[in-house]
Each structure stands twice: as structure tokens, then as C-alpha cells.
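For reference, the structure discussed in these notes is given below.
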């Protein structure tokens, strides 16, 4: 059963890739940033060509702002013969207004208000399920949590049982310490059919979130190396799964520099590249990764630079994509600015996180159809 999915705030399509890998069918996409949209189409085309067993959508359906697109036109363009028996909406509205690195404008900010618009579109289109992805600041900060509570009530009034969780990609087998808030909603009639009883609107923790015992609580469970002085070579720690270490991605059977985008990176001009010790991620900028540890959250904007563990340079585009779990067959065009590439990659949802969430949703919906 291939379930149709509508994708808002598509970006590079990393959330979409995870859902396609889990058996969903992305039928409509929306990305307002022209450069991101161009890169999405190029990357998805190369991925679709290489992985023919998956059906990836290779074009952006609509490049307008979500505020300028009516729900009625979206439905007519996707389902001209009538709505699908089962379909969903996925998306991660821009998060700077809720992020610790932002100005905390919340729902009143230019980006923050798009979260409300996204929820409005969900309530108007009425999918059978939806996914809302954002940063942990949405639940950590009091005024942002108050804003989220209003969105939750709106969704519950529209007929959805909702659940929310903070997931870390490190606990799902990817060598990156990246927390994301995932809010899911499924129509109350479907939830009742699967569980066998009605849920109260305020009930949470009813959805079975992804958990991989091998990596659960990885940050506190394993003894991680700290800082290794530049003049020394670190020792390989014991009992830590190799896939949770940056070296696993940089020293793979196919080195990043042998792949497309593998040598694209900013030239190192600052003397800081030659002074920061391996594993020193204490400062806001110029964090040097440790080869035998996980990466901090991939964030490659103007204020933060992640350095290669043993080379005096920043990470390349391909290395960054690997830290986000993006398939090597996904290639970005050479003619796009490096800044745009790093921004789009680091803004996206890690593909493995998207995949594991999608698998759990698909399993729940499969129980409904049986």
C-alpha cells in the first residue's frame, strides 16, 4: 500500500526521502526558496536515477509561499478525481523564531507565523495524518510552548488525536547529536479503530515512537572521548558502535572526496583552523569534531563553523550530507552557492530520523487497514 503524502516546506526533501524509503508516495511538494527548489530538483533527480526501486518526486509542485496557496487548489491539483482513501501531510516550518540561536519572536515572527499557517492548511485539507517537525525550543521556552499549546488545541478541535516527542538522531544510529520535536496527528476515528477505544483529547504517549535499543540514551550510556591535543592521535574507544562516530562517515569504503560535492568547501583563511584541538566543541564557532565521537548539531550558518577532525579545514558539502544521513546518490549542482548548499543541508531533517518516524506511522496505519 503506497500512501500519498503532501510535503510543505520541502527544502532539500530530506523528510520526503525518509518517507519514501518507508513506503509512502510524495505526490505534491512546496518550496518557496528558488535556490533550494532548484537544488531539490537536481538532487532528487540524481537520487531517483540511481535508486530506481524507490519512487522519488523530482520536481517542486508549487514554489509559492504557503500563505499564497489555497487548500482548495492543492486538493484539486493532487486529487482531481476525489480524495485518496488515505493520505497525509508532512512538513517542518522554518524554525529560527523558536531556536536558541534566533531572536525568539515565536509565533509573531515572520518565520514563526508560518507554523500557524501550516496548521491552518492541515485543518483545511483534512489529511488522515500529519507530521509537524521543529526545534526543541518550541517546547523548552515558556512563550513558545504556549503558542504550541494553541496549535495543539486547534488540531484537536479539527478531529485529531495528537502526540509529541523530542527525538535525537544519535539514538537512532546517526553520528549527530541533533534533537528535533516531532508532533504527529492521526484522525480520531482511525486511532479509535486501531486502539479499540476513544482517547481523551489531552492524552499523550499513546503513539509508539521509534526506539533502537542498541543506541538508546547513547550520550550518557557510552564513555565518549573528550579533547585530543593536536600533536596526539586519539585511541579508538571500546564498546561504542562505530556508526555513532564521525570517523565512520569520513573513513568509509567510499571516501567523501571521491564523490560528487566531496571537494566543495570554504577555503581555510583563519588561523583558528590551526589551533583548535580535536574534539573541542566548546565555543559557538570553530567546533572541531572528534573522529571517535558524534558530531554536534549540523548548523552551518554565518555564526558557526564545524571543522574536520584531523585536517585544518571546514567540512565539505558531501561530509555534511553524510552527517545528515543523506544518500550519496543525492547530488547538488556545482553552480549553486556554497552558503546556500550548507544552509539547505543543515536546515533539513536527518533522513534516518524521518525514516524511523515514517515507519512507525505506516505500521499504525497498516493496523487500521487490516
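Just so you know, all these numbers are worked out from the coordinates, no wet-lab data involved. Being a predicted model, the structure only gives us computed values, none of them experimental. Virtual Cβ from ideal backbone geometry, glycine too; neighbours counted across all protein chains shown.
Put in line by how crowded their Cβ is, counting other Cβ atoms within 10 Å and starting with the fewest, 319, 264 read 264, 319.
For the chain, what is the percent of antiparallel DSSP beta bridges, rounded to the nearest 5? Could you put the intermediate results ahead of the total?
On the way: 17 of 34 bridges.
Counting only bridges with both partners in the chain, antiparallel ones make up about 50 percent.
Highest mean packing first, where packing is the average number of other Cβ atoms within 10 Å per residue, the peptides 178-187, 32-41 line up as 178-187, 32-41. Across the chain, the relative contact order, built from alpha-carbon pairs under 8 Å that are at least six residues apart, equals 19 percent.
In what sequence, highest mean first, do 77-86, 324-333, 236-245 appear when ranked by Cβ atoms within 10 angstrom? All intermediate terms of the calculation are to be shown ahead of the outcome.
On the way: 77-86: 11.8, 324-333: 21.4, 236-245: 14.1.
Result, highest mean first: 324-333, 236-245, 77-86.
Model label sites at residue 153 and residue 366, defined 7 Å from Cα along the beta-carbon direction, differ in position by 3.8 nm. When 316, 297 are sorted by how many other C-beta atoms sit within 10 angstrom of their C-beta, beginning with the fewest, the order is 297, 316. Of the peptides 347-354, 265-272, the order by per-residue mean of other Cβ atoms within 10 Å, starting with the highest, comes out as 347-354, 265-272.
By the gyration tensor of its Cα atoms, with a ≥ b ≥ c the square roots of the eigenvalues, what is the shape of the chain: rounded for a/c under 1.5, prolate for a/b over b/c, or oblate? The partial results should precede the final answer.
Details: a/c = 1.73, a/b = 1.55, b/c = 1.12.
In terms of gyration-tensor shape, prolate.
Using Cα pairs under 8 angstrom and six or more residues apart, how large is the relative contact order of the range 207-297, in percent? Before the final figure, lay out each step's value.
On the way: 81 pairs, mean separation 31.9, N = 91.
Across the range 207-297, relative contact order equals 35 percent.
Each Cα pair under 8 Å and six or more residues apart adds its sequence gap; the mean of these over the residue count of the range 1-97 is a relative contact order of 38 percent.
Quote the Stokes-Einstein diffusion coefficient, in whole µm² s⁻¹, for the range 10-85, based on the Kirkwood radius over alpha carbon pairs, a temperature of 20 °C and a viscosity of 1.002 mPa s. Estimated via Stokes-Einstein, D reaches 163 µm²/s. Between the range 243-300 and the range 1-80, what is the separation of their alpha carbon centroids in Å? The range 243-300 and the range 1-80 have Cα centres separated by 30 Å.
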